[in-house]
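Derivation of every value follows stated rules applied to the coordinates shown; laboratory data play no part. Treat the numbers as computed from the prediction; the structure is a model and nothing was measured. Every residue, glycine as well, gets a Cβ built from its backbone with ideal geometry; the counts of neighbours run over all protein chains shown.
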Amino acid sequence: MKKALNAWTVPAQVSFEELFQKLSAAGYDGVELNLDREAGGHGLTMETTQLQTAEIKKLSQMYNLPVHSISSSLYTAETLGSNDPACRKQAQDILRKQLELASALGADGILVVPGGVSDQRSLTQAWDNCLESLSALKEEILQSGIKVGVENVWNGFFLSPRDMADFIDTLDCPSIGAYFDVGNVEIFSNPQDWIEILGSRIVKVHVKDFARTTTNAGHFVNLLEGSIDWAKVKAALDAAGYQGYLTAEVDTFHRTPEYQYEITGMALDHILNL
């Protein structure tokens with residue numbers, strides 16, 4: 001396995017060149033860039049051009065820091081599970097843009113957030129709409145050669161690992177799997193149980209820690225500072241045959257960003273050596 005950092009951990013005003021230089025110097029094997037509403041210093045948008053991605057790829061190669069994945073914050077507004085066909089079309093276009101960016105930057109995967117549960121639609125409706133939205137894109141996904149990982153987030157959609165496994169199995173596409181977020185399930189279950197059930201469906205992994213409290217609540221914390229049993233998580237990933245990136249998704253330290261890069265890298269090294 002290899003260690004990576006999501007670019008949201010880097011202060012928004014930092015340029016692409018500084019991002020690649022700093023993370024390469026900190027010993028990371030890769031970085032995950034993000035498709036956002038606004039570009040900032042190192043963000044991608046729906047308007048990012050081929051010329052711009054070519055320049056970003058040059059920096060990636062110059063600093064020997066591959067872009068391995070493209071995430072996005074845009075699925076919170078445009079959801080694949082919406083009852084509105086126009087909204088679903090917008091979400092599909094976000095996914096298409098991620099595929100385009102991933103291909104241009106040399107990434108082998110993207111992160112997609114299914115969901116859309118709300119007061120306006122039931123879980124069943126959101127589930128069926130998401131399956132329909134993704135099924136319509138299967139041929140494009142296969143032709144791209146990019147892996148699409150659906151992520152478990154706090155949106156009431158994937159409430160158990162069997163939910164996630166069944167969703168992926170129903171799609172029945174070799175290029176669609178699980179982007180498993182370890183920290184997002186710690187509040188109510190054990191991440192290693194999810195990994196055991198998801199198994200070879202896992203295409204990418206996000207890592208952050210979560211500190212449980214006695215009231216069955218808690219909060220996100222830096223790696224190795226919470227309740228997650230990382231030895232069991234690492235053993236489960238090994239048993240599942242996972243050999244990809246562990247991508248840390250942790251808070252930004254605005255005044256001392258290099259310190260966050262350093263301690264997160266050290267924590268990832270510790271986890272990888274378990």
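Within segment 42-55, does at least one residue satisfy the condition of being touching a residue at least 40 places away in the same chain (Cβ under 8 Å), closer than 25 Å to Leu268 by Cα and of a type in the set (A, V, I, L, M)? There is no residue in segment 42-55 that is touching a residue at least 40 places away in the same chain (Cβ under 8 Å), closer than 25 Å to Leu268 by Cα and of a type in the set (A, V, I, L, M).
Restricting segment 70-118 to residues that are surrounded by 16 or more Cβ atoms within 10 Å (Cβ to Cβ) and of a type in the set (Lys, Arg), the residue that is farthest from the chain's Cα centre (by Cα) is Arg88. In summary, Phe210 fulfils each of the numbered conditions (1) surrounded by fewer than 20 Cβ atoms within 10 Å (Cβ to Cβ); (2) closer than 18 Å to Ala4 by Cβ; (3) touching an Asp or Glu at 6+ places or on another chain (Cβ under 6 Å) with the single exception of condition (2). The set of residues in segment 188-207 being assigned to a helix (DSSP H, G or I) and either charged (D, E, K, R) or touching a residue at least 40 places away in the same chain (Cβ under 8 Å) (or both) consists of Pro191, Gln192, Asp193, Trp194, Ile195, Glu196, Leu198, Gly199, Ser200, Arg201. Applying the criterion of being in contact (Cβ under 8 Å) with a residue 24 or more places away in the chain, of a type in the set (Asp, Glu) and more than 14 Å from Leu19 (Cα to Cα) to the residues of segment 237-261, the residue that is surrounded by the fewest Cβ atoms within 10 Å (Cβ to Cβ) is Asp251.
Go through the residues of segment 237-254 one by one and say whether even a single one is of a type in the set (Ser, Thr, Tyr), within 20 Å of the chain's Cα centre (by Cα), farther than 26 Å from Met164 by Cβ and assigned to a helix (DSSP H, G or I). No, every residue in segment 237-254 fails to be of a type in the set (Ser, Thr, Tyr), within 20 Å of the chain's Cα centre (by Cα), farther than 26 Å from Met164 by Cβ and assigned to a helix (DSSP H, G or I). With the structure loaded, tell me whether Phe180 is among the hydrophobic types (A, V, I, L, M, F, W, C) and either surrounded by fewer than 18 Cβ atoms within 10 Å (Cβ to Cβ) or out of contact with any helix residue (DSSP H, G or I) (no Cβ under 7 Å at 6 or more places or on another chain) (or both) or whether it fails that test. Answer is no for this residue. Considering segment 133-150, and only residues there that are touching a helix residue (DSSP H, G or I) at 6+ places or on another chain (Cβ under 8 Å) and among the charged types (D, E, K, R), the residue that is surrounded by the fewest Cβ atoms within 10 Å (Cβ to Cβ) turns out to be Glu140. Taking the criterion of being in contact with a Pro (Cβ under 9 Å, 6 or more places away or on another chain), in contact (Cβ under 8 Å) with a residue 24 or more places away in the chain and β-branched (Val, Ile, Thr), would at least one residue in segment 157-179 satisfy it? Checked segment 157-179: no residue is in contact with a Pro (Cβ under 9 Å, 6 or more places away or on another chain), in contact (Cβ under 8 Å) with a residue 24 or more places away in the chain and β-branched (Val, Ile, Thr). Can you tell me how many residues within segment 9-49 are more than 17 Å from the chain's Cα centre (by Cα), of a type in the set (S, T, N, Q) and in a loop (DSSP other than H, G, I, E, B)? Qualifying residue count for the region: 4.
Being part of a strand (DSSP E or B) and of a type outside the set (D, E, K, R) narrows it down to one of Gly115, Gly149, Gly156, so name that one. From the options Gly115, Gly149, Gly156, the qualifying one is Gly149.
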